[in-house]
Amino acid sequence: QVQLVESGGGLVQPGGSLRLSCGASELTLAYYTVGWFRQPPGKEREGVSCMRNSNGNTDYVDSVKGRFTVSRDNAKNTVYLQMNNLKPEDTAVYYCALDPATGTKCDDGMPYWGKGTLVTVSS
(Lines give C-alpha, C1' and ligand atoms only; values in the text may rest on other atoms or scores of the structure.)
Protein backbone atom coordinates (compact mmCIF):
# COMPACT_ATOMS: atom_id res chain seq x y z
CA GLN A 1 0.00 0.00 0.00
CA VAL A 2 1.49 3.31 -1.12
CA GLN A 3 1.31 6.12 1.40
CA LEU A 4 1.98 9.69 0.37
CA VAL A 5 1.76 12.30 3.10
CA GLU A 6 2.08 16.07 3.01
CA SER A 7 2.95 18.05 6.10
CA GLY A 8 4.05 21.53 7.10
CA GLY A 9 0.91 23.51 6.47
CA GLY A 10 -0.51 26.02 8.88
CA LEU A 11 -1.36 29.65 9.44
CA VAL A 12 1.13 32.27 8.35
CA GLN A 13 1.04 36.02 7.89
CA PRO A 14 1.48 37.61 4.47
CA GLY A 15 5.16 37.80 3.65
CA GLY A 16 5.94 34.79 5.79
CA SER A 17 7.33 31.41 4.83
CA LEU A 18 6.42 27.77 5.14
CA ARG A 19 8.06 24.57 4.01
CA LEU A 20 5.85 21.71 2.99
CA SER A 21 7.07 18.13 2.96
CA CYS A 22 5.97 15.22 0.85
CA GLY A 23 7.00 11.83 2.16
CA ALA A 24 6.32 8.48 0.60
CA SER A 25 6.34 4.84 1.58
CA GLU A 26 6.87 1.82 -0.64
CA LEU A 27 8.34 3.93 -3.42
CA THR A 28 11.41 6.01 -4.06
CA LEU A 29 10.65 9.61 -4.87
CA ALA A 30 13.82 10.05 -6.89
CA TYR A 31 12.30 7.84 -9.58
CA TYR A 32 9.10 9.86 -9.90
CA THR A 33 7.93 13.06 -11.41
CA VAL A 34 6.63 15.10 -8.49
CA GLY A 35 3.91 17.67 -8.79
CA TRP A 36 2.63 20.13 -6.25
CA PHE A 37 -0.97 21.27 -6.58
CA ARG A 38 -3.22 23.49 -4.58
CA GLN A 39 -6.94 23.99 -4.22
CA PRO A 40 -8.09 27.33 -2.82
CA PRO A 41 -11.35 27.33 -0.89
CA GLY A 42 -14.27 27.09 -3.28
CA LYS A 43 -12.05 26.86 -6.34
CA GLU A 44 -10.67 24.17 -8.59
CA ARG A 45 -7.32 22.53 -8.06
CA GLU A 46 -4.42 24.04 -9.94
CA GLY A 47 -0.85 23.04 -10.60
CA VAL A 48 1.90 24.79 -8.65
CA SER A 49 5.08 23.04 -9.73
CA CYS A 50 6.32 20.00 -11.59
CA MET A 51 9.71 18.36 -11.08
CA ARG A 52 10.20 15.83 -13.84
CA ASN A 53 12.05 12.58 -13.36
CA SER A 54 13.36 12.73 -16.91
CA ASN A 55 15.72 15.65 -16.42
CA GLY A 56 15.16 16.93 -12.89
CA ASN A 57 14.01 20.33 -14.08
CA THR A 58 11.24 22.01 -12.18
CA ASP A 59 8.57 24.20 -13.70
CA TYR A 60 6.51 26.64 -11.68
CA VAL A 61 3.25 28.37 -12.31
CA ASP A 62 3.85 32.06 -12.98
CA SER A 63 2.14 33.17 -9.80
CA VAL A 64 4.74 31.47 -7.57
CA LYS A 65 7.93 31.95 -9.59
CA GLY A 66 10.65 33.49 -7.49
CA ARG A 67 8.80 32.66 -4.29
CA PHE A 68 8.40 28.87 -4.24
CA THR A 69 11.21 26.33 -4.60
CA VAL A 70 11.01 22.56 -4.88
CA SER A 71 13.85 20.45 -3.51
CA ARG A 72 14.47 16.79 -2.77
CA ASP A 73 16.31 14.93 -0.04
CA ASN A 74 16.90 11.44 -1.34
CA ALA A 75 18.28 10.19 1.97
CA LYS A 76 15.01 11.08 3.66
CA ASN A 77 12.92 10.14 0.62
CA THR A 78 11.22 13.49 0.91
CA VAL A 79 10.36 16.31 -1.47
CA TYR A 80 9.94 19.83 -0.16
CA LEU A 81 8.08 22.89 -1.29
CA GLN A 82 9.67 25.98 0.21
CA MET A 83 7.20 28.85 0.07
CA ASN A 84 8.47 32.37 0.71
CA ASN A 85 6.80 35.76 0.63
CA LEU A 86 3.41 34.14 0.99
CA LYS A 87 0.35 36.02 -0.15
CA PRO A 88 -3.29 35.67 0.88
CA GLU A 89 -4.06 34.23 -2.55
CA ASP A 90 -1.72 31.34 -1.74
CA THR A 91 -4.27 30.08 0.78
CA ALA A 92 -5.21 26.57 -0.27
CA VAL A 93 -4.97 22.90 0.47
CA TYR A 94 -1.67 21.80 -1.01
CA TYR A 95 -1.17 18.34 -2.47
CA CYS A 96 1.79 16.44 -3.77
CA ALA A 97 1.37 13.90 -6.53
CA LEU A 98 3.65 11.39 -8.22
CA ASP A 99 3.97 9.82 -11.64
CA PRO A 100 6.56 7.17 -12.54
CA ALA A 101 6.29 7.76 -16.27
CA THR A 102 9.16 9.52 -18.00
CA GLY A 103 8.46 12.67 -19.95
CA THR A 104 5.01 13.31 -18.57
CA LYS A 105 3.69 16.58 -17.29
CA CYS A 106 1.99 17.04 -13.97
CA ASP A 107 -1.76 16.86 -14.19
CA ASP A 108 -4.82 15.54 -12.39
CA GLY A 109 -4.23 12.08 -13.84
CA MET A 110 -1.10 11.42 -11.79
CA PRO A 111 -1.58 8.06 -10.07
CA TYR A 112 -0.39 8.83 -6.54
CA TRP A 113 -1.74 11.64 -4.38
CA GLY A 114 -1.41 12.74 -0.82
CA LYS A 115 -4.35 13.83 1.29
CA GLY A 116 -3.27 17.46 1.39
CA THR A 117 -2.15 20.00 3.95
CA LEU A 118 -3.85 23.33 4.53
CA VAL A 119 -1.94 26.57 4.14
CA THR A 120 -3.69 29.70 5.34
CA VAL A 121 -2.13 33.09 4.67
CA SER A 122 -3.87 35.81 6.60
CA SER A 123 -3.09 38.91 8.60
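The values are calculated or read from the model by the stated rules, or taken from the named source; none is laboratory data. Computed from a predicted model, the values in this text were never measured in an experiment. In this analysis, Cβ positions are derived from the backbone assuming ideal geometry, glycine residues included, and neighbour counts consider all displayed protein chains. Just the protein is used for accessible areas: all its heavy atoms, side chains included, with ligands, DNA and RNA removed. Shrake-Rupley method; radii C 1.70, N 1.55, O 1.52, S 1.80 Å.
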Margin query: Any residue at all in the stretch 60-69 that's in contact (Cβ under 8 Å) with a residue 24 or more places away in the chain, in contact with a Pro (Cβ under 6 Å, 6 or more places away or on another chain) and surrounded by 15 or more Cβ atoms within 10 Å (Cβ to Cβ)?
Written below: no
Margin query: Looking at Trp113 and the list (1) of a type outside the set (S, T, N, Q); (2) over 15 Å from Val5 (Cβ atoms); (3) touching a strand residue (DSSP E or B) at 6+ places or on another chain (Cβ under 6 Å), which single condition is not satisfied?
Written below: (2)
Item checked: Among the candidates Thr120, Thr104, Thr69, residue that is among the β-branched types (Val, Ile, Thr) and not in a strand (DSSP E or B) -> Thr104
Item checked: Of all residues making up the stretch 13-33, the number that are surrounded by fewer than 18 Cβ atoms within 10 Å (Cβ to Cβ), more than 16 Å from Cys50 (Cα to Cα) and not small (Gly, Ala, Ser) -> 6
Notebook entry, point to check: Of the residues Tyr60, Tyr32, which single one is modelled with pLDDT under 95 and aromatic (Phe, Trp, Tyr)?
Noted result: Tyr32
Item checked: Top-ranked residue of the stretch 34-59 - restricted to ones that are within 14 Å of Glu6 (Cβ to Cβ) and not small (Gly, Ala, Ser), ranked as surrounded by the most Cβ atoms within 10 Å (Cβ to Cβ) -> Trp36
Margin query: Suppose we keep only residues that are farther than 21 Å from Asn57 by Cβ and in a loop (DSSP other than H, G, I, E, B) within the stretch 73-101. Which one would you say is least open to solvent (accessible area, probe 1.4 Å)?
Written below: Leu86
